[in-house]
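The values are calculated or read from the model by the stated rules, or taken from the named source; none is laboratory data. Please read these numbers as outputs of a predicted model, since none were measured by experiment. Virtual Cβ from ideal backbone geometry, glycine too; neighbours counted across all protein chains shown.
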Ligand SMILES: [Zn+2]
């Protein structure tokens, strides 16, 4: 690979093997003193390296690229659930699992778990009435709207409009934006993100004691806003888009919502959800407030205090959504490697990556296919490579390992959500979920980012494995983007299972210091959830291999460890896990 230096080679296993040889030549003390604190430590690292070597060598840039090229090809049509793209993807992934020697992951003898989904195409209209003036919003430039209700028409006529600030009810922070205001049947306007409460000692910073300071909590996520709106009985919930707290520009909202969306096809037809879920642009919101003689900026400011009370606007809102609904079965694809130890083999470490992406948008000029090469053909390729690596272990791991490509992640983590609600093997026998969503295609890195925020002891294992690769594990550099809540592993965490999700490193070996960040920012701005997320000949997948090897090693440690990983004290998921393990 280009741009590599001898520095990166220090950690290769060939070098470790050579170290072992030198140790046998009785110069280990010298090496031990230089590289490790003790000779026994060297020995342990060495042993592990030798044991894992055949498995690690099975993970290659070419292997990853070959899978990505297939899954992200135009033939796969952007892999939307329920399309030909699904058929092809499910077949390809099951075939690969079979080929590397995995057994069917479903106890029914198949490589799939059926996930009942409903595809919903929405044709929404929205208008605000102020006095005798009605303003129609333009779709999808001004707004997007859809409903989780599996019914053909949703109509909300002349409903009262109430601004509910951040729309957060968080007893642990003594915070309740709704207070005693009845929003039943009303249209509520909500700010995106956590309330950014300033630190009383230094107002230029956020208060670490409120909503985890700069980091995003679940209260900041749009999914939460709609969930609490439903609990409060609101008819329509409109989120006001702002790029920074949302963590992405309007373009992403627009292309994510103005297409077929998906819900789990639950027996209650999701009638417990809010009737209309919508986003509007900041400009539209500001104009609406101004037309109602309200100062948006002042109200937004007032929403950052516990004393905030909902504010009724002098407007009425109409929302009408016509929906085309098609119920169908989608699939999680699951392969299994059986553990070797009769005491532990009914325990399952899980690797996940979503296979779905945004499909094809025939209304677009030019390229219509959202190939999703990075997001997440690359993650699925990694899961296939994990599987190939695990099958090379001799002896096999003590615990069993499941390799799962989930469906409908882009639609709200639905495949993972369904598995967590209907696990094929009990969650209390599931020590961990290790998730991968988008690899680093820009070369090996000195660093890596811990997106799971040292929430569990899995992050410690990750740190140790990183040290063996002579890499530095950095804390999440963008906790405000809430990445933890935006990937499949969150559904496992919510259900209590400790999770690991790694973010790309950005300190690329052999490149200028800002190169990695530049590449990452460019990807988010130009290619994330766009048709241009395609295979790029300039990729250097050596960094992806480095990360896949790292997560392989963590999974290996969990599959052979003396005990299960645990949530750390203060983690919001710990109580759930403890309760589950008591059974
Ligand atoms: Zn993704």
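Return the residues of the range 307-351 that are touching a strand residue (DSSP E or B) at 6+ places or on another chain (Cβ under 6 Å) and part of a loop (DSSP other than H, G, I, E, B); say none if nothing qualifies.
Once the filter is applied, which keeps residues that are touching a strand residue (DSSP E or B) at 6+ places or on another chain (Cβ under 6 Å) and part of a loop (DSSP other than H, G, I, E, B), the range 307-351 yields 310, 338, 339, 345.
With the checklist (1) buried (at least 21 other Cβ atoms within 10 Å of the Cβ); (2) at pLDDT 95 or above; (3) in a loop (DSSP other than H, G, I, E, B) in hand, flag the one item residue 537 doesn't pass.
With (1) buried (at least 21 other Cβ atoms within 10 Å of the Cβ); (2) at pLDDT 95 or above; (3) in a loop (DSSP other than H, G, I, E, B) applied to residue 537, the lone miss is (1).
Please work out if residue 79 is modelled with pLDDT of 95 or more and part of a loop (DSSP other than H, G, I, E, B).
Numbers: modelled with pLDDT of 95 or more: yes; part of a loop (DSSP other than H, G, I, E, B): yes.
Considered against the rule, which asks whether it is modelled with pLDDT of 95 or more and part of a loop (DSSP other than H, G, I, E, B), residue 79 comes out as yes.
Can you tell me which of (1) farther than 25 Å from residue 486 by Cβ; (2) touching a strand residue (DSSP E or B) at 6+ places or on another chain (Cβ under 9 Å); (3) in a loop (DSSP other than H, G, I, E, B) is the one residue 179 doesn't meet?
Failed condition: (2).
Select from the range 84-104 the residues that are over 13 Å from residue 387 (Cβ atoms) and surrounded by fewer than 16 Cβ atoms within 10 Å (Cβ to Cβ) and list them in ascending order.
84, 87, 91
Need pairs with beta-carbon distance below 7 Å; first residue surrounded by fewer than 21 Cβ atoms within 10 Å (Cβ to Cβ) and within the range 360-383, second assigned to a strand (DSSP E or B); sequence gap 6+ or separate chains.
368/360
When the range 500-534 is examined, which residues are found to be closer than 21 Å to residue 474 by Cβ and part of a helix (DSSP H, G or I)?
515, 516, 517, 518, 519, 520, 521, 522, 523, 524
Test each condition in (1) surrounded by fewer than 23 Cβ atoms within 10 Å (Cβ to Cβ); (2) modelled with pLDDT of 95 or more; (3) within 16 Å of the ligand (Cβ to nearest atom) for residue 511 and report the one that comes out false.
With respect to (1) surrounded by fewer than 23 Cβ atoms within 10 Å (Cβ to Cβ); (2) modelled with pLDDT of 95 or more; (3) within 16 Å of the ligand (Cβ to nearest atom), residue 511 is out only on (3).
For a quick check of your reading of the model, give me the residue pairs whose first member lies in the range 475-496 and is more than 24 Å from residue 196 (Cβ to Cβ), whose second is within 13 Å of the ligand (Cβ to nearest atom) and assigned to a loop (DSSP other than H, G, I, E, B), with beta-carbon atoms closer than 8 Å and at least 6 apart or on different chains.
Going by the 8 Å Cβ cut-off, the qualifying pairs are 488/409; 488/413; 488/437; 491/413.
For a quick check of your reading of the model, give me the residue pairs whose first member lies in the range 205-217 and is without any contact (Cβ under 8 Å) to a residue 12 or more places away in the chain, whose second is surrounded by fewer than 20 Cβ atoms within 10 Å (Cβ to Cβ) and not in a loop (DSSP other than H, G, I, E, B), with beta-carbon atoms closer than 8 Å and at least 6 apart or on different chains.
Taking only residues 6 or more apart or on different chains, the pairs are 205/198; 206/198; 207/198.
Please enumerate the residues belonging to the range 231-251 that are surrounded by 18 or more Cβ atoms within 10 Å (Cβ to Cβ) and part of a helix (DSSP H, G or I).
Quick first cut of the range 231-251, residues surrounded by 18 or more Cβ atoms within 10 Å (Cβ to Cβ) only: 232, 234-241, 245-247, 250.
Selection gives 232, 245, 246, 250.
Here is a list: 86, 77. Which entry is touching a residue at least 24 places away in the same chain (Cβ under 8 Å), touching a helix residue (DSSP H, G or I) at 6+ places or on another chain (Cβ under 6 Å) and farther than 26 Å from residue 392 by Cβ? Walk me through how you get there before you give the answer.
On the way: 86 fails: touching a helix residue (DSSP H, G or I) at 6+ places or on another chain (Cβ under 6 Å).
Selected residue: 77, the only one of 86, 77 that is touching a residue at least 24 places away in the same chain (Cβ under 8 Å), touching a helix residue (DSSP H, G or I) at 6+ places or on another chain (Cβ under 6 Å) and farther than 26 Å from residue 392 by Cβ.
Count, please, the residues in the range 182-209 that happen to be more than 27 Å from the chain's Cα centre (by Cα) and on the phi > 0 side of the Ramachandran plot.
Residues flagged as more than 27 Å from the chain's Cα centre (by Cα) and on the phi > 0 side of the Ramachandran plot within the range 182-209 amount to 1.
Which ones in the range 295-304 are assigned to a loop (DSSP other than H, G, I, E, B) and in contact (Cβ under 8 Å) with a residue 60 or more places away in the chain? So that I can check it myself, show each step before the final result.
Start the filter on the range 295-304 by keeping residues that are assigned to a loop (DSSP other than H, G, I, E, B), which leaves 295, 303-304.
Once the filter is applied, which keeps residues that are assigned to a loop (DSSP other than H, G, I, E, B) and in contact (Cβ under 8 Å) with a residue 60 or more places away in the chain, the range 295-304 yields 303, 304.
Kindly provide the set of residues from the range 465-499 that are closer than 21 Å to residue 411 by Cα and not in a loop (DSSP other than H, G, I, E, B), ordered by number.
Going residue by residue through the range 465-499, those that are closer than 21 Å to residue 411 by Cα are 481-495, 499.
The answer is 481, 483, 484, 485, 486, 489, 490, 491, 492, 493, 494, 499.
Condition (residue is under 17 Å from residue 72 (Cα atoms) and within 16 Å of the ligand (Cβ to nearest atom)) applied to the range 383-405: is it met by at least one residue?
Step one: list which residues in the range 383-405 are under 17 Å from residue 72 (Cα atoms), which gives 383-385, 405.
Checking the rest, the ones that are also within 16 Å of the ligand (Cβ to nearest atom) come to 383, 405.
Taking every residue of the range 383-405 in turn, at least one turns out to be under 17 Å from residue 72 (Cα atoms) and within 16 Å of the ligand (Cβ to nearest atom).
Say whether the condition of being over 25 Å from residue 430 (Cα atoms) and in contact with a helix residue (DSSP H, G or I) (Cβ under 6 Å, 6 or more places away or on another chain) is met by at least one residue in the range 360-371. Write out each step before concluding.
Residues of the range 360-371 that are over 25 Å from residue 430 (Cα atoms), as a first pass: 360-371.
Now drop any that are not in contact with a helix residue (DSSP H, G or I) (Cβ under 6 Å, 6 or more places away or on another chain), which leaves 369.
Within the range 360-371, one or more residues are over 25 Å from residue 430 (Cα atoms) and in contact with a helix residue (DSSP H, G or I) (Cβ under 6 Å, 6 or more places away or on another chain).
Give the range 455-475 a look and list any residue that's in contact with a strand residue (DSSP E or B) (Cβ under 7 Å, 6 or more places away or on another chain) and surrounded by fewer than 20 Cβ atoms within 10 Å (Cβ to Cβ), or say none. Please lay out each step first, then the result.
As a first pass, look at the range 455-475 and keep what is in contact with a strand residue (DSSP E or B) (Cβ under 7 Å, 6 or more places away or on another chain): 455-456, 458-459, 462-463, 466, 471-475.
If the condition is that a residue be in contact with a strand residue (DSSP E or B) (Cβ under 7 Å, 6 or more places away or on another chain) and surrounded by fewer than 20 Cβ atoms within 10 Å (Cβ to Cβ), then 463, 472, 474, 475 are the ones that fit.
Let's see how each residue does on (1) touching a strand residue (DSSP E or B) at 6+ places or on another chain (Cβ under 8 Å); (2) at pLDDT below 95:
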{"site": "155", "(1), (2)": "yes, no"}
{"site": "175", "(1), (2)": "yes, no"}
{"site": "197", "(1), (2)": "yes, no"}
{"site": "218", "(1), (2)": "no, yes"}
{"site": "223", "(1), (2)": "no, yes"}
{"site": "242", "(1), (2)": "yes, yes"}
{"site": "245", "(1), (2)": "yes, yes"}
{"site": "253", "(1), (2)": "yes, yes"}
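Go through the range 352-380 and report how many residues are within 16 Å of the ligand (Cβ to nearest atom), over 17 Å from residue 257 (Cβ atoms) and touching a strand residue (DSSP E or B) at 6+ places or on another chain (Cβ under 7 Å).
Total satisfying the criteria: 7.
Those residues that are part of a helix (DSSP H, G or I) and crowded, with 19+ Cβ neighbours inside 10 Å, I need them from the range 256-274; list them, please. Step through it out loud before you land on a result.
Quick first cut of the range 256-274, residues part of a helix (DSSP H, G or I) only: 256-257.
Listed by number, the list holds a single entry, 257.
Limited to the range 417-448, what total is found for residues that are more than 16 Å from the ligand (Cβ to nearest atom) and farther than 24 Å from residue 582 by Cβ?
Of the residues in that region, 8 qualify.
Are any residues in the range 255-281 over 23 Å from residue 491 (Cα atoms) and at pLDDT below 95, and if so, which ones?
If the condition is that a residue be over 23 Å from residue 491 (Cα atoms) and at pLDDT below 95, then 255, 258, 259 are the ones that fit.
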